[in-house]
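Read the structure below first, then the notes.
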Amino acid sequence: MEKGDSFLRCRRRRPSNSGSAAAPAHIRSAKHFGALAATLIFGCLPVSAAAQGVCEHEPILTTSIVYDRNGRPMVQAELAGHERYLLLDTGGAKSILDPETARELALRIGQFGPASESPFERGASAPREAYIDVTGRRSSSFVNVEDLQLGERNFGAIEFIVSPIGQNQDDLSSPVGTLGADFMIAYDVAFDFGADVFQIFAQSPCESSPFSDGIDAGTSIAVPFTTNRSNHMEFPLRLDGQMLMAVLDTGAHDTILSLPVAQSVFSIDLNGPDVIRAGEIAGLDIASMYRRRFSSLQIETLLLLDPMIFLLPDLIAPRAPPQDRIGILRQDPEENAVLPDFILGMSVLGRYRLYISYGQRKFYLAPVPSG
C-alpha cells in the first residue's frame, strides 16, 4: 500500500441482523515531530464496492503536507499563477494572506466598510469589520484570489484577510498565509501527518465516521464539537480536573491555556517555581508567555499525563472594545472578543491521527502506532 492509500476509499457496512462487526481499520505509523508538532488521522482498509448500504468517502483532493520550521502543516497552493505554501489552520476563523505577497501577486486590496471606503462590492454590503489576531493586531483589509489551486483541483475564488503584519519570508518554503476554518468548514478533512498527506472530502451523510469502524475504542475517541459563528471547533475537556472549553487548532504549534484563566481557575503564580518564562510573543517585547507542566489533560476517555502547557496573555480583549471589532479567533461581533480558554495545538495533536467531520460536528483521534 502506497503512502496515503488508506484514505482513498472508506466504506462502512450497515450492521447485519447478527450484529457482525464492520471491517477492521488500519492505522498507519507516523513520525513524531517532537514536543511541538507531529501527526494525526484515520485510515481504513478498502472494502468491496459490491457492499450493500455503504457510505462512499472518495477524496476530492489528496495532496502532500510539508511543514514549517515549527512543525505546523502546510500545503502547496497556486495563487494567481504563483506557487506558494499555505498553513492549514483549523483555529483561524478566516484564511489570511501576507500583505507583501498580496502586493507581489498584484492583488487589489479592499477595505471592509461602506462602499465609499472600498473599491470592491464586498465592502458595500458588509458591516465595518476588523480582524484581530492573537497578538491584538487588527486588519480590515482583504483580497480576492480568483483561482485557488490545490494539487490537481481548482477550488475557484477565495477571499483572504490581509494579515496585519508581514511575515518573515526567508525563502519560498515559508508559508505566505493560511487556509482557515472558513474554507475547511464546507468539507470533511483528514490530516495524515505520518504519511504527510492532507485530504478533503465532500461532507459525509453517514451518522458516524467511516474511519471509526474497527478502531480500538479503548485508545481512540470521537469528540462532538460545536462551531461558533467564527467557525471555531469548540469542545469540552478537563485540565487537572477543571472543565474548560477548548478550540482545536492545527495552526498552533503549542497547546495553550489563557493566562487569565490560568490565574483565576488554577491560581497560578507566575513567580512560582513550577512556572517557566518562555519568552516574548513574537514582535511584542512587552508581552511575555510562560509554560507550566500540569498533571493531566482529559478529552472524553483519552487521558494524557504531565502535559506541558503554554500560558498566553489575552491580547485580543483589550484591543477589541467596539462591537464592530471582529477577531480572527472571534469573528462574531455578538461573541466576546477574547482569547479562547484553551487551544489544543500540535504539541498534543501530534500524537494522534485526526479526521474532522464538519458535517457531523465530530472529530476523531486515533493514536499513531510506534515503530
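The values are calculated or read from the model by the stated rules, or taken from the named source; none is laboratory data. Just so it is clear, the model here is predicted, and its values are computed rather than measured. Please note: Cβ atoms are built from the backbone with ideal geometry, for glycine as well, and neighbour counts cover all protein chains shown. The protein model used for the area step is the full one, side chains on, heavy atoms only, and it has no ligands, DNA or RNA in it. Shrake-Rupley method; radii C 1.70, N 1.55, O 1.52, S 1.80 Å.
Summary of values
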item: Residues of the range 242-256 classified as surrounded by 24 or more Cβ atoms within 10 Å (Cβ to Cβ) and either over 11 Å from the mean Cα position of the chain (by Cα) or hydroxyl-bearing (Ser, Thr, Tyr) (or both), total; result: 4
item: Spans of strands (runs of 3 or more DSSP E) in the range 235-306 with at least 1 residues closer than 30 Å to Leu86 by Cβ and not aliphatic (A, V, I, L, M); result: 256-258, 275-281, 284-293
item: Residues located in the range 103-118, provided they are open to solvent by 30 Å² or more (accessible area, probe 1.4 Å), modelled with pLDDT under 90 and not in a loop (DSSP other than H, G, I, E, B); result: Gln111, Ala115, Ser116, Glu117
item: Within the range 342-371, tally of residues that are β-branched (Val, Ile, Thr) and closer than 25 Å to Ser204 by Cα; result: 2
item: Tally, over the range 71-102, of residues that are farther than 17 Å from Ile165 by Cα, of a type outside the set (A, V, I, L, M, F, W, C) and surrounded by 15 or more Cβ atoms within 10 Å (Cβ to Cβ); result: 10
item: Test for Gln323: is it modelled with pLDDT under 95, touching a His at 6+ places or on another chain (Cβ under 9 Å) and not aliphatic (A, V, I, L, M); result: no
item: Residue list for the range 183-197, restricted to those being open to solvent by 10 Å² or more (accessible area, probe 1.4 Å), more than 22 Å from Leu97 (Cα to Cα) and of a type in the set (Gly, Ala, Ser); result: Gly194
